[in-house]
Each structure stands twice: as structure tokens, then as C-alpha cells.
Amino acid sequence: MELFCVLFSSFKCRSLAHLSSFTILLLFLLSFSSFESADAYDALDPNGNITIKWDVMSWTPDGYVAVVTIFNFQKYRHIQSPGWTLGWTWAKKEIIWTMLGGQATEQGDCSKFKGNIPHCCKKNPTVVDLLPGTPYNQQIANCCKGGVISSWVQDPATAVGSFQLSVGQAGTTNKTVRVPKNFTLKAPGPGYTCGPAKIVKPSKFPTADKRRVTQALMTWNVTCTYSQFLAQKTPTCCVSLSSFYNDTIVPCPTCACGCQNMIAQPGTCVEPDSRYLASALSTTDQKSLSPLVQCTRHMCPVRVHWHVKVNYKEYWRVKITITNFNYRMNYTQWNLVVQHPNFNNLTQIFSFNYEPIMPYESINDTGMLWGIKFYNDLLMQAGPSGNVQSELLFRKDNSFTFDKGWAFPRRIYFNGDNCVMPPPDSYPYLPNAGSKISLSLVHLLTMSISMAFLLIYA
């Protein structure tokens, strides 16, 4: 009963005493369900989401023409190749007559139509973006990027995608149109959960000269949030550490992203010099999103190495190296988010872009790093060129110290996914650090016990 007094502090213990065992069990299960619902919350980007806006632009004899726009309001999580896939279920018996800027992956059964055949007759259509180079008469604004959408911080101008569709067998007024249901978003894999469509105030569109404003006939929004737990069963990256003041290199935790299991799961990884590498790449499905990684202790597709390089009088320097161990993936428009208390005093960064991430406005302890366009914004697949690196120069402040792992990051994200950090007690320590003193005390105690036994049995 004391446990429930702690879990449900708003209730008095004497009130819980009158509850039945079934009610207590129900409250207990509900408490865990509330924890699970918070999986999509990101403390560094609390308001991040993808919003799908559906604007009805005009009526047709049996339906309407709509422009669907996907806005990526996430600061550092983008949609990479092979791009987004959007699905929904029609509320009635709607069909898609034509599309611009996108296409349905399946046409479905349109056998009942004579003459003019619809683009898609499925009850639950799935739509993808068109590829770059699509003829202009099939394009609309913000389309045809292969489904790739940038994060909001990296490039707000390309953090949006659109397509247009003409819907038939639908209502022709605001009273008769029914919003679709069960929206799904893959970007490109699972991870996003979409809420129900909500009718909102019609969107407004100012003309180029800003002298006139038009508006949609009807608008509804769908909000989708991301959860790393839904996206993949195991982590996708890990962090290793080193420093100039200690010869110890702290590797990624063993089995951080899975373990080598060649007996139960053959082909889970490939040795870099293996003669089977070429055959593994040729026989595996190139469109598969599951990584084919180099065999390592950590088995992660990506490793981020943080090296404390130099100590100056008023500054200190860090080298960051990102290594790709995935033979199946080139990471385009990659980004890194690092949390460290000295980011408020970042003085210079070499060969990366930088933008502070301040979810709580007054605290500047998190920075977003990404590659320079046409230089290192592409992280190549595993191999000699499968890494990018840069150096950061920090000015020392009053809290600066090399003691107790202060110089190492608190948290690192790669492409929006939290990386596995080494345990804090394994961080490289100063030569006169407390951990070394503690070890000496253990040795001294062991020697004292041994001496005591010798004296007793001498």
C-alpha cells in the first residue's frame, strides 16, 4: 500500500484502503501506460513534430482538388532517402482521379470505371513523392525530391514537401466532405505515430505582391510524433571517448546495438576484409532499411568518437569523428546533436556547420553540428571514406575542469536518435584522479590482509 501512496500522491492513503484489489491493479496498469505514452517526448526538442496540412483548393463535379503539405517542424530529425511514405483510409468511397507532385504506389481495382480510369481506387492509398527530374507539367511547388525533407534547423526552405490530388466520389461542400482516417507516415521506416485529422481555420495564401490574400475552402491538420523505440528495436549509434591526458581509449559499450550471433543469425555482420562482403552486398535487398554492418564489438551502424585533444591556457580543443560501419547506407544531410555545458563558450568550429539548440531559451548547453554542403554533408558507407571529422575550440569558463569526466559530452544524438554512451565510471581519468587513489587503497588493503595472515600462521 505504501507503493501506491508514492505512485499516486494526489490520493490519501486512507482513500486507497477502501479501493478494491481490481481497482488498485487497474490504477497500477494505467500508471505504466502513461509512462509509455511519453516515449515520443524529446527533451531537446519538446515541440518537434511533422504536421500534414490538407487544403481543399477548389470543388469539382464529384469532389475536390486538394494540396497536401508535409511540414517538418523537428529541429534536427530529417527524412532521408528513400523518403517519406504517407497513407490514410478514406472515410467514404473516395477515389483519386489525378495527382501532381506525388503518386499512389498501387492503383487498386478500378474495373467498374469506364473510359476515364482513376489514378487510384484503393480504400487505403499509399502515396510517395516523385523523383528529381520529373517533367514540369507533373510538378507542384516543394515536390519531387524523392521524399527527402530537411530538418528545420539545417534548412527551413527544404523542410517541406507537397503534392496535389483530385478526389472523386467525395462531398462537394464543407458539410458533406469527410476527412480521411488512420493516417500513417513512414520516413522512411516506422517510428512516427499520427493523430486524427482535425479541421482548422482555412489556410491563407498572400499573392507575390502582397496586395491580395486568398484562402483554402477547407483545411485539416494531422500531427505525427516520433519515437525511437518504435523506429527500431536496437540503438543505431554509440559513443567512444579518449583524451590527451590518459592513454586509455574508452570504446563503445559491448553489444551496444546488438551482439554478433553468427550461429543463430548468420549474416548479421561482415568482416571488412572478408571475401564474402561483395556477395553479401549483391545478394541482400538493396532497398532494405535494415543495416548490414561491419563486425565490431558494439555492432552499431554509426560510432561517434569524442577526443579531448589539447589544453591551452584559456582554451581547450576537441576532435569529433563520425564513422559509418553500415555497408548499405550513405547518410545524406546527416547531423549530430551534442549536449555539453561548455557549448555556451564555443569559439570556433572547423569544417562543420553549427547552430545552438536551446529548448529552454536561457540554457545554451546543446549544439547541432552538420556537414558543409558539397564538402562533407554525405557520410559514405563503411570503408576508407566512411567517416567525417572536425574540431571544436572552447573558451574555458569558471566551471571548466578535466576532473570527473567533465570534458566529455552528456548526450549525443545522430540523425535524431540517442546514441549509447559508455558508463561514467569508465571515462578516462586524470593521472591523479580519485579512481586511481581508490585502486591504490584496495591494493594496500589486500596487502595488509596478506601480511596479517602471514603473521598469524608464521
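Observations, loosely collected:
- Being part of a loop (DSSP other than H, G, I, E, B), open to solvent by 50 Å² or more (accessible area, probe 1.4 Å), over 30 Å from residue 306 (Cβ atoms) and touching a residue at least 12 places away in the same chain (Cβ under 8 Å) is a property that does not hold for residue 182.
- Residue identified as more than 29 Å from the chain's Cα centre (by Cα) and modelled with pLDDT of 85 or more among 248, 219, 225, 254: 248
- Applying a threshold of 6 Å to beta carbon distances and a minimum spacing of six or more residues, or different chains, the list of pairs starting in the range 385-401 at a residue that is exposed (fewer than 11 other Cβ atoms within 10 Å of the Cβ) and ending at one that is of a type outside the set (Asp, Glu) reads 397/345.
- Residue check, residue 355 open to solvent by 30 Å² or more (accessible area, probe 1.4 Å), assigned to a strand (DSSP E or B) and acidic (Asp, Glu): yes
- Counted residues, the range 366-376 - those being touching a residue at least 40 places away in the same chain (Cβ under 8 Å) and either open to solvent by 30 Å² or more (accessible area, probe 1.4 Å) or hydrophobic (A, V, I, L, M, F, W, C) (or both): 3
- Scanning the range 112-137 for residues that are within 25 Å of residue 81 (Cβ to Cβ) and either among the small types (Gly, Ala, Ser) or touching a Leu at 6+ places or on another chain (Cβ under 6 Å) (or both) returns 127, 133.
- Only one entry of 154, 164 meets the criterion of being touching a strand residue (DSSP E or B) at 6+ places or on another chain (Cβ under 6 Å) and either open to solvent by less than 20 Å² (accessible area, probe 1.4 Å) or in a loop (DSSP other than H, G, I, E, B) (or both), and that entry is 154.
- When residue 360 is tested against (1) open to solvent by 40 Å² or more (accessible area, probe 1.4 Å); (2) modelled with pLDDT of 95 or more, only condition (2) is not met.
- Among the candidates 388, 338, the residue that is at pLDDT 95 or above and more than 23 Å from residue 272 (Cβ to Cβ) is uniquely 338.
- Assessment of the range 304-322 against the conditions (out of contact with any helix residue (DSSP H, G or I) (no Cβ under 8 Å at 6 or more places or on another chain) and at positive phi) yields no matching residue.
- Selected residue (criterion: surrounded by the most Cβ atoms within 10 Å (Cβ to Cβ)) from residues of the range 114-140 that are within 30 Å of residue 45 (Cβ to Cβ) and in contact (Cβ under 8 Å) with a residue 24 or more places away in the chain: 129
- The number of residues in the range 203-216 that are surrounded by fewer than 17 Cβ atoms within 10 Å (Cβ to Cβ) and touching a strand residue (DSSP E or B) at 6+ places or on another chain (Cβ under 8 Å) comes to 8.
- Yes/no for residue 101 being open to solvent by less than 50 Å² (accessible area, probe 1.4 Å), modelled with pLDDT of 50 or more, on the phi > 0 side of the Ramachandran plot and within 35 Å of the chain's Cα centre (by Cα): yes
- Top-ranked residue of the range 185-202 - restricted to ones that are among the hydrophobic types (A, V, I, L, M, F, W, C) and buried (at least 16 other Cβ atoms within 10 Å of the Cβ), ranked as farthest from residue 257 (Cα to Cα): 197
The values are calculated or read from the model by the stated rules, or taken from the named source; none is laboratory data. This structure is a prediction, so every number in the text was calculated from the model and none was measured. FYI the Cβ positions are ideal-geometry reconstructions off the backbone, even for glycines, and counts take in every protein chain you see. Calculation scope for accessible area: heavy atoms of the full protein, side chains included, ligands and nucleic acids excluded. Shrake-Rupley method; radii C 1.70, N 1.55, O 1.52, S 1.80 Å.
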